[in-house]
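The block underneath contains the structure these notes are about, expressed in structure tokens.
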Amino acid sequence: AEFAQAVPYYENYLMLSQELHDVEGEAKACHFLGYAHYCLGNFREAVRYYDQDLALAKDLQDKMNMGRAYCNLGLAHLALGNLETALECQKYFLAIAHMTKHLPGKFRALGNIGDVLIKMGDVEEALKMYQRQLSFARQGRDRGLEATAYGALGLGNRLLRCFDKALGYHTQELTVRQEMGDLKGECR
């Protein structure tokens, strides 16, 4: 309900930004509108606004926002079942995160690519992405990201019916979350 109420405000923000020729404001409004529509399950509308957000980020030559827009666009296409487009968007996101040396972006992009590959039925390739995710998490010494990667590896191995490996990864995830005091993460 909150997102539905927010849409008219973001639409006004977009209109005012356009009238003022405030390209950065326009990009932010498109991002917010895309996110609101995504959360409401209006994935086609989300794609429409994320496409605009991406175009504006390109105009501004803003790499970080280009990466964010590709990520969000990929998630919206994934929700629509446009798997090839979703994969392409996430690969662009990964390339930008790599270019900008943005470790959390690399981590997220690899996970998103893995998730798309799972939907495509290519679990083996997804596991490679999750393994790379784990390497980045260790490199950045981020225990939360490490736990997330262990969870993804556990899920992938479970899908391959490699239950012993899956259990091992899920146990590692649980151990890390307990060490961090992450009660919410322990319950997943």
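A few comments on the model shown:
- Within the set 161, 138, the sole residue that is over 16 Å from residue 115 (Cα atoms) and part of a loop (DSSP other than H, G, I, E, B) turns out to be 161.
- Just one of (1) within 30 Å of residue 121 (Cα to Cα); (2) at pLDDT below 95 fails for residue 38. It is (2).
- Residue within segment 158-166 that is within 30 Å of residue 64 (Cα to Cα) and either at pLDDT 90 or above or out of contact with any Phe, Trp or Tyr (no Cβ under 7 Å at 6 or more places or on another chain) (or both) present: no
- Test result for residue 59, in contact (Cβ under 8 Å) with a residue 12 or more places away in the chain, crowded, with 19+ Cβ neighbours inside 10 Å and of a type outside the set (A, V, I, L, M, F, W, C): no
- Looking only at residues in segment 150-164 that are without any contact (Cβ under 8 Å) to a residue 40 or more places away in the chain and surrounded by 16 or more Cβ atoms within 10 Å (Cβ to Cβ), the one that is nearest to residue 103 (Cα to Cα) is 150.
- Selection of segment 99-122 for residues being surrounded by fewer than 19 Cβ atoms within 10 Å (Cβ to Cβ) and part of a helix (DSSP H, G or I) yields 99, 103, 104, 119, 120.
- Taken over segment 141-158, the criterion of being over 17 Å from residue 118 (Cβ atoms) and of a type in the set (A, V, I, L, M, F, W, C) is satisfied by 145, 147.
- Taken as a whole, segment 52-65 holds at least one residue that is closer than 30 Å to residue 130 by Cα, in contact with a Phe, Trp or Tyr (Cβ under 8 Å, 6 or more places away or on another chain) and assigned to a helix (DSSP H, G or I).
The values are calculated or read from the model by the stated rules, or taken from the named source; none is laboratory data. Predicted, not measured: the structure shown is a model, and the values here were computed from it. Using ideal geometry, Cβ is built from the backbone for each residue, glycine included, and neighbour counts are taken over all protein chains shown.
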